[in-house]
Amino acid sequence: MMQLSTQERLFLYTWLNSLLSQELSQQQLLAYQTGTFDDLFCFLTNQGFAEEIIELKQVLRDLSNDKFAYLELAADFAQLFLLDSTISAVPYASVYLDKEVLEQHLQYLDHLLASFHLQLNQDLKEPADHLCVHLELLIKLIEQRSIDEQELFIRQHILVWFELLLEKIGQIQTKFHFYQPLLKILHHLLLKDAGLI
């Protein structure tokens with residue numbers, strides 16, 4: 001994988017964050033199916049994600065043949081992320097960390113949220129330990145803090161539970177595999193930015 005610039009890293013984390021925060025709208029799905037993101041897919045292929053992009057493109061082709069594509073993809077999102085933790089891979093650190101570690105983890109997240117003057121969206125009622133909150137904080141760290149602080153955050157506050165989330169996702173059957181390659185891309189980016197690959 002080539003070295004990414006700061007702007008490229010910010011773009012990729014922001015893109016992944018938007019895809020993992022909520023279901024795609026019909027309009028967004030159509031944009032993926034009609035080639036709007038082909039340049040991004042080409043870029044990611046050149047960065048070493050050819051396998052994941054082939055998988056994504058195949059899913060998009062399969063979805064174009066399904067008249068209920070938007071609903072099917074929404075159902076997959078719910079199956080993966082929104083149901084009870086016994087049958088879904090809910091994207092919250094609190095599901096995967098033990099109580100003592102979680103307490104320190106949440107305190108640090110609160111500290112970062114305050115230091116960046118960020119507030120959680122009260123309409124969504126998402127707790128601070130959601131994966132997308134972690135990604136939003138990582139984006140702020142990339143914009144404003146040192147590489148060392150970014151690496152530490154990824155190692156100690158994302159990867160410690162994200163890899164358990166990935167294991168759980170591997171056990172869940174969905175009709176389409178749209179989100180799985182996205183999470184593989186995210187995992188690879190996190191490992192690289194943490195200096196682990």
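Listed values, structure above:
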item: Restricting the range 12-91 to chymotrypsin sites (Phe, Trp or Tyr not before Pro) in coil, as DSSP defines it, with at most 11 other Cβ within 10 Å; result: F68
item: Accessible area of the range 6-194 divided out per residue, in Å², using a probe of 1.4 angstrom; result: 52
item: Rounded if a/c under 1.5, otherwise prolate or oblate - the range 1-100, Cα gyration tensor axes; result: oblate
item: Three-way shape call for the range 42-153 based on the alpha-carbon gyration tensor, with the a/c threshold at 1.5; result: oblate
item: Spin-label model distance (nm) - V95 vs L164, 7 Å beyond Cα toward Cβ; result: 1.1
item: Restricting the range 1-84 to trypsin sites (Lys or Arg not before Pro) in coil, as DSSP defines it, with at most 16 other Cβ within 10 Å; result: K67
item: Most mobile listed residue (L159, L118, L109) in the chain, GNM with C-alpha springs under 10 Å; result: L118
item: Helix-only CD estimate at 222 nm, as mean residue ellipticity for the chain, using -39500 (n - 2.57) per DSSP H run (n ≥ 4); result: -20000 deg cm²/dmol
item: Exposure ranking of S88, S146 by accessible area [1.4 Å probe, largest first]; result: S146, S88
item: On Cα atoms only, tilt of 99-115 relative to the major axis of the chain in degrees; result: 90
item: Neighbour net charge for Y108 - beta-carbon separation under 13 angstrom, K R +1, D E -1; result: -3
item: Gain in span if fully extended, Q144 to S18, counting 0.36 nm per residue against the direct Cα distance; result: 43.3 nm
item: Table column - 3J(HN,Hα) (Hz), the range 32-45, Karplus curve with 6.51, -1.76, 1.60, x for Gly and Pro; result: 5, 6, 9, x, 4, 9, 4, 5, 5, 4, 5, 4, 5, 4
item: Contact order normalised by residue count of the chain, Cα under 8 Å, 6+ apart, percent; result: 31
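The values are calculated or read from the model by the stated rules, or taken from the named source; none is laboratory data. If you're wondering where the values come from, they're calculated on a predicted model, not measured in any experiment. Reconstructed Cβ throughout: ideal geometry from the backbone, glycine too, with neighbour counts over all protein chains shown. Protein only, heavy atoms only, side chains kept; ligands, DNA and RNA dropped before computing areas. Shrake-Rupley method; radii C 1.70, N 1.55, O 1.52, S 1.80 Å.
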